[in-house]
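Report on the following structure.
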Amino acid sequence: MPKTIFEKPRKYDKLAALLRGNAFTQGKSYIDIGTMINCHQNTVVARFKHPENFTLDEVTRLGRGLNIPIEELRQAIQY
């Protein structure tokens, strides 16, 4: 029987899941998110694929725009 290899969770997956989940439940599109962080929707897609590329400014803008409490953001960031 073949072995199943699970991918190791990446460092910023929890942050991306928090941001993407809140955006989804609030009905926000990539265009809306791009407006929040002042970038194109393609950049937003790239950021969610590689959440380590989010800047601190982008994370704080998204937190405010999506009404995510700062404590939840802090818990999602690992270092």
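Every number here is computed from the coordinates shown, using simple stated rules; none is lab data. Please read these numbers as outputs of a predicted model, since none were measured by experiment. Glycine also receives a Cβ, built like all others from the backbone with ideal geometry; neighbour counts cover every protein chain displayed.
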Which listed residue (G63, Y79, C39) has the Cα farthest towards the positive end of the charge dipole for the chain, taking +1 on Lys and Arg C-beta and -1 on Asp and Glu C-beta about the Cα centre?
Y79
Any idea what the dipole of region 17-76 comes to, in debye rounded to 20, about its Cα centre with Lys/Arg Cβ at +1 and Asp/Glu Cβ at -1?
120 debye
Lys pairs in the chain with Cα under 23 Å (8 or more apart in sequence, or on separate chains) total 5
Report which label in (i) 1.19; (ii) 1.04; (iii) 1.17 holds the value of Rg/Rh (Cα atoms, Kirkwood Rh) derived from the coordinates of this structure.
(ii)
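Quick test of the membrane-span-like rule: which DSSP H helices of the chain reach at least 20 Å along their long axis (C-alpha atoms) with mean Kyte hydropathy at least -1.0?
Correct list, ordered by number: empty.
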